[in-house]
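Participant: The structure under discussion is supplied below as C-alpha cells; questions concerning it will follow.
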Amino acid sequence: MTVPEDAWVFDTGPLRHFAAQGWLGVLRFLAGERRVYIPPTVERELYNAAEQVPAVRQVVEADWIHVHSADSMEYTAAFSRYYDRLVAGGKNVGECEVLAMGKIYGCEIVLDDAAPRRIADEEGIRVTATVPILCDAIREKKLTTVMVEELADNLPEGDYYLPFGPGGFRRHVLEHSLLDYDEL
C-alpha cells in the first residue's frame with residue numbers, strides 16, 4: 001500500500017499538542033478530504049504520551065488518522081539515512097519515519113522541529129508545519145484569525161514551542177510574510 005501524494009504525514013508533536021489542548025477536531029476539519037497518516041514510531045510515541053496526558057489517546061483512536069507501516073528496501077534505506085543524521089539519545093526516531101514516508105511517497109509531511117525540516121528542504125520533500133497550516137486555514141476562510149490566535153495561545157500551555165509568545169501570532173505571520181495584512 002502506498003500513501004497518496006495529497007496526504008499529510010504527521011510527526012508526534014503537532015498531534016500530541018493539538019489533542020492535549022482540545023484542538024484535535026480542528027486538524028480533522030482542516031484535513032478535509034486529505035488522508036492523514038502516522039508511522040508506527042509516532043503511534044508508539046503517542047501511546048507513551050497518553051500515559052501522561054490522557055487526552056492524547058484520542059489521536060491513536062481516531063478513525064481518520066491511519067498508521068502506515070512500510071518495509072521496502074527503499075523505505076528502510078531512507079529511514080536509515082535520516083536516523084544517522086537525527087537520532088540522539090533515542091530521540092527523533094518518529095521524525096525519521098515521517099521523513100522517509102515523505103521521501104518515498106511524495107506526500108506532504110508535517111514537522112515543527114527545525115532540524116528535520118531543514119533535511120526535508122534539502123531533499124525536496126514537501127514539508128509544512130503548524131503555523132503555515134493555520135495560515136492556510138485563515139487564507140482559505142476555514143478559520144477566523146481570532147480563533148487561530150486563541151489556538152496559538154493555547155498550544156504553548158502544554159509546553160509546545162511556537163516561534164512567538166502569547167498574543168504574538170498576528171505579528172509573527174505578518175513579519176514573516178506568511179499572511180498579508182488584508183488576509184487577517
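Participant: Checking the a/c ratio against 1.5 first, then a/b against b/c, what shape does the Cα gyration tensor give for segment 1-57?
Facilitator: Because a/c hits 1.5 or more and a/b fails to exceed b/c, segment 1-57 counts as oblate.
Participant: Return the calculated 222 nm mean residue ellipticity for the chain, to the nearest 500 deg cm²/dmol, obtained by summing -39500 (n - 2.57) across DSSP H runs with n ≥ 4 and dividing by the residue count.
Facilitator: About -15500 deg cm²/dmol.
Participant: Relative contact order of the chain, please, whole-number percent, based on alpha carbon pairs below 8 angstrom and at least 6 residues apart.
Facilitator: 23 percent
Participant: Now for a separate question. Could you tell me what percent of the DSSP beta bridges with both partners in the chain are antiparallel, to the nearest 5?
Facilitator: 10 percent
Participant: Right, another one. Expected output is a single nm value to one decimal: the length gained when fully extending between S69 and K141, i.e. 0.36 nm times separation in residues minus the C-alpha distance. What is it?
Facilitator: 22.5 nm
Participant: Report, in degrees rounded to the nearest 10, the 0 to 90 angle that the Cα long axis of helix 73-86 makes with the longest principal axis of the chain.
Facilitator: 60 degrees
Participant: Per 0.36 nm of contour for each residue apart, how much would the distance between E157 and A31 grow if the chain were fully extended, relative to their Cα-Cα spacing? Don't skip to the end; give the middle numbers.
Facilitator: Working: separation 126, 0.36 × 126 = 45.36 nm, distance 2.37 nm.
Between E157 and A31, full extension yields an extra 43.0 nm.
Participant: Between E150 and S80, 0.36 nm times their residue separation minus their Cα-Cα distance comes to what?
Facilitator: Once the chain is fully extended between E150 and S80, it gains 21.3 nm.
Participant: Find the relative contact order for segment 1-92 and round it to a whole percent, using C-alpha pairs within less than 8 Å whose residues are 6+ positions apart.
Facilitator: 29 percent
Participant: Only sites in a loop by DSSP and with at most 12 other Cβ atoms within 10 Å count here; which GluC sites (Glu not before Pro) in segment 20-100 make the cut?
Facilitator: Sites meeting the loop and neighbour criteria: E33.
Participant: Are there GluC sites (Glu not before Pro) in segment 137-184 that DSSP marks as loop and that have at most 14 other Cβ atoms within 10 Å, and which are they?
Facilitator: Those satisfying the criteria are E140.
Participant: OK, next. Just the number, please: carbon plus sulfur as a percent of the accessible area of segment 1-122, 1.4 Å probe, no ligands or DNA/RNA counted.
Facilitator: That fraction is 46 percent.
Participant: If you take the beta carbon distance between E183 and R57 as r and set R0 to 30 Å, what does 1/(1 + (r/R0)^6) give as a FRET efficiency, to the nearest 0.05?
Facilitator: Rounded to the nearest 0.05, the efficiency is 0.25.
Participant: Using the heavy atoms of the protein chains alone and a 1.4 angstrom probe, what is the accessible area of the chain per residue in square angstrom?
Facilitator: On a per-residue basis, 51 Å².
Participant: Would you mind telling me which residue in G22, G102, G90 has the biggest mean-square fluctuation in a Gaussian network model of the chain, where springs connect alpha carbons within a distance under 10 angstrom?
Facilitator: Between G22, G102, G90, it is G90 that shows the largest mean-square fluctuation.
The values are calculated or read from the model by the stated rules, or taken from the named source; none is laboratory data. Everything numeric here is computed off the predicted structure, so don't read it as measured data. FYI the Cβ positions are ideal-geometry reconstructions off the backbone, even for glycines, and counts take in every protein chain you see. Heads up: the accessible areas ignore ligands, DNA and RNA and are worked out on the full protein's heavy atoms, side chains in. Shrake-Rupley method; radii C 1.70, N 1.55, O 1.52, S 1.80 Å.
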